[in-house]
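All remarks here apply to the structure that follows.
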Amino acid sequence: MSRILLVRPGATDYDRQGRIQGTLDMPLCPAGREQVESALDPIAAEAPVAVYCSPCQAAAETADAIAGRLGLRAKPLGNLHNIDHGLWQGMLIEDVRSRQPRVYRQWQEQPETVCPPEGETILSATQRAAVALKKLLKKHAGDEAIVLVTPEPLASVVRHVLRRDTLGDLWRGAEGCGSWEAIDAPTELAGAPH
């Protein structure tokens with residue numbers, strides 16, 4: 001059984017400000033680089049054989065640091081870009097909460113029922129993530145650990161696909177910056193086409 005080391009990139013300035021990042025490309029802030037540095041040794045102790053990342057600057061910087069520690073090269077996966085939040089991108093989460101309280105609450109409680117204006121649905125992101133994960137797990141079948149660096153809220157979607165659990169509060173992304181978890185890959189993925 002393959003093991004996914006699901007890593008959230010270190011923080012960006014938008015994370016620190018409580019802004020919705022979505023597909024906007026932001027570099028790590030100094031605190032984000034420190035978060036990544038403190039995770040390197042524990043991740044390396046898991047002996048991963050490959051490092052993959054979402055195609056955004058914060059994920060790439062995080063993955064490059066991990067890969068460098070392991071003597072590997074990070075590989076970006078274009079279809080694992082973060083969820084497109086459309087017109088919400090760049091807004092403060094607090095502004096969405098105060099201007100659209102019903103939609104904000106619905107995004108917390110049932111995110112699969114909400115599509116940000118000109119954005120992407122959670123269902124679409126789940127299907128996209130499931131297809132990418134299925135290919136990745138096929139490539140790394142066996143008892144290998146691999147690193148996958150992806151930002152929130154896509155990281156929660158990836159966890160949902162791998163664990164078949166609830167999505168949880170997708171607004172809490174900044175709280176997990178620089179964190180990681182090991183997930184044993186299941187034989188069947190939630191949301192994956194057969």
Would you mind telling me the share, in percent, of accessible area of the chain contributed by carbon and sulfur at probe 1.4 angstrom?
49
Could you give the nm distance between label points at LEU167 and LEU92, where each point is 7 Å from its Cα heading toward the beta carbon?
2.5
Can you give the FRET efficiency for SER38 and ARG73, using 1/(1 + (r/R0)^6), R0 = 25 Å, r = Cβ-Cβ distance, to the nearest 0.05?
0.65
Over region 1-84, with neighbouring protein chains present, the accessible area per residue in Å² at probe 1.4 Å is 44
Could you state how much accessible area ASP25 has, in square angstrom rounded to the nearest 10, with a 1.4 Å probe and all protein chains kept in place?
90
Table column - 3J(HN,Hα) (Hz), region 136-146, Karplus curve with 6.51, -1.76, 1.60, x for Gly and Pro:
5, 5, 5, 5, 10, 5, x, 9, 9, 9, 10
The whole-number value in µm²/s of the Stokes-Einstein translational diffusion coefficient for region 53-99, with Rh from the Kirkwood sum over alpha carbon pairs at 20 °C and 1.002 mPa s, is 170
Nearest 10 degrees, 0 to 90: helix 57-70 Cα axis against the chain principal axis
20
Leaving ligands, DNA and RNA out of it, work out the accessible area of LEU136 with a 1.4 Å probe and give it in Å² to the nearest 10.
10
DSSP beta bridges in the chain, what fraction antiparallel, as a percent rounded to 5?
35
Name all residues of region 69-90 having a backbone nitrogen under 15 Å from the label point set 7 Å from the Cα of GLN57 along its Cα→Cβ direction, giving them as ranges.
90
Per-residue [θ]222 nm for the chain (sum of -39500 (n - 2.57) over DSSP H runs n ≥ 4, rounded to 500)
-12000 deg cm²/dmol
The helix 154-163 Cα axis meets the longest alpha-carbon principal axis of the chain at an angle in degrees, between 0 and 90 and rounded to 10, of 60
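The values are calculated or read from the model by the stated rules, or taken from the named source; none is laboratory data. Not measured: the values here are computed from a predicted model. No Cβ is skipped: glycine too gets one built from the backbone with ideal geometry, and neighbour counts run over all protein chains shown. Heavy atoms of the whole protein, side chains included, go into the accessibility calculation; ligands, DNA and RNA do not. Shrake-Rupley method; radii C 1.70, N 1.55, O 1.52, S 1.80 Å.
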